[in-house]
Every structure is written in C-alpha cells, then in structure tokens.
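The values are calculated or read from the model by the stated rules, or taken from the named source; none is laboratory data. Because the structure is predicted, anything quoted here is derived from the model rather than measured. In this analysis, Cβ positions are derived from the backbone assuming ideal geometry, glycine residues included, and neighbour counts consider all displayed protein chains. Quick note on the areas: whole protein, heavy atoms, side chains included, nothing else; ligands and nucleic acids left out. Shrake-Rupley method; radii C 1.70, N 1.55, O 1.52, S 1.80 Å.
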Amino acid sequence: MKKVFIVASAMIFVACVRKNEEKMEDNKDVKEQITPKQKQISSDEAVALAMKKFDAYLPTILTENGDMAIDLQVSHTGDFTGDGVEDVAVYFNLVPKDGGNAILSQGLTLYKNIGNDVKVIAGYEPDYLFAFDTIKNGKIHVTMLEYAEDDGHCCPSIKTPHILTIKGSKAY
C-alpha cells in the first residue's frame with residue numbers, strides 16, 4: 001500500500017511539474033511578443049536624423065535638376081501626423097548652379113517621427129512660390145506667394161494663407 005501511495009504521489013508530482021513547465025513556456029512566448037517601449041527620440045534627435053536623411057537624398061534631387069544647386073535647407077518641427085510626437089519638415093530651395101539669386105524650385109520633405117527614427121512620408125513641391133509659416137494644431141501652414149503686375153522680382157505682394165493636406169506620399 002505504501003508503494004502504491006508513493007508511486008501515485010510521484011506521478012502527481014511529475015504531472016504538476018510538467019504542467020508548470022508548459023505554463024512557463026507559454027508565458028515565455030507571450031513575453032517575446034511584447035516588446036518593451038523603446039526610448040522616444042527628442043525633437044533635436046529627430047531633426048538631426050531628418051537632416052542626415054535629407055543630405056543623403058540631396059544628390060538625387062540635384063541630379064534630377066542638373067542646372068540647380070541647393071541654396072537653403074531649414075528644419076521645422078511640430079506634430080503634423082496627429083500622434084502627439086514632434087515630426088520634422090525640411091524646407092529647401094534650389095537656385096541656378098552658375099549663380100544668381102532666383103529661386104528655381106522649392107519644397108518641403110516631411111518626416112514622421114516613429115519613436116526611434118524618422119521616416120519620409122510626403123513631399124511638397126508646388127509649381128508656385130511659397131513661404132513656410134508654422135506647424136500648428138496638427139497642420140502645416142504655408143503662404144502662397146504670387147506677383148502682382150508691378151511687383152519686383154524680390155517681392156511678390158499677393159500672399160494667400162494655405163494649409164497643407166497630406167495624402168499618400170504627396171502634400172498639397
């Protein structure tokens with residue numbers, strides 16, 4: 001009788017140990033699926049990453065516009081994707097490669113802050129002059145610039161506020 005009790009106890013013990021090991025294995029799978037929250041990059045780090053990516057892509061822009069050179073590139077930050085995280089807009093303009101002060105092309109490259117990096121989500125290269133204003137309340141504000149009949153080349157006098165819409169990889 002003692003032998004039967006000992007054998008039965010041993011079998012129950014082994015069964016309990018196996019069941020516990022199965023639960024631990026299941027928990028291990030769940031833990032591997034849950035990733036700890038990654039460190040959120042700062043606004044300054046997002047700008048540095050965006051500028052680095054813009055600089056890496058700049059040769060492609062210049063190759064596509066062989067007679068142009070970069071004149072200005074400036075970063076602006078604000079949440080334009082609605083996720084509560086500061087994103088980055090890089091404004092740039094292109095001028096004649098051989099000199100002069102005419103703005104031949106200008107645009108914005110929009111980078112979404114994805115927490116540990118930035119990702120290009122859209123570009124804005126209109127066929128008109130514009131001035132970047134601000135990123136406010138989740139929207140990018142620009143001013144469309146047009147020349148009146150008597151305006152000098154330096155100073156377009158018709159200024160129309162405009163809020164950009166981002167759809168797919170384009171902003172308009």
Q) How about the range 83-100: which of its residues are in contact with a helix residue (DSSP H, G or I) (Cβ under 6 Å, 6 or more places away or on another chain) and assigned to a strand (DSSP E or B)? A) Val88, Val90
Q) What number of residues within the range 101-129 are hydrophobic (A, V, I, L, M, F, W, C), assigned to a strand (DSSP E or B) and open to solvent by 10 Å² or more (accessible area, probe 1.4 Å)? A) 3
Q. Can you name every residue in the range 43-82 that is at pLDDT 95 or above, among the charged types (D, E, K, R) and either part of a helix (DSSP H, G or I) or surrounded by fewer than 15 Cβ atoms within 10 Å (Cβ to Cβ) (or both)?
A. Asp44, Glu45, Lys52, Lys53, Asp55
Q) Yes or no: Ile34 at pLDDT below 95, open to solvent by 100 Å² or more (accessible area, probe 1.4 Å) and hydrophobic (A, V, I, L, M, F, W, C)? A) yes
Q: Taking only the range 83-99 into account, find how many residues are over 13 Å from Ser43 (Cβ atoms), open to solvent by 50 Å² or more (accessible area, probe 1.4 Å) and within 24 Å of the chain's Cα centre (by Cα).
A: 1
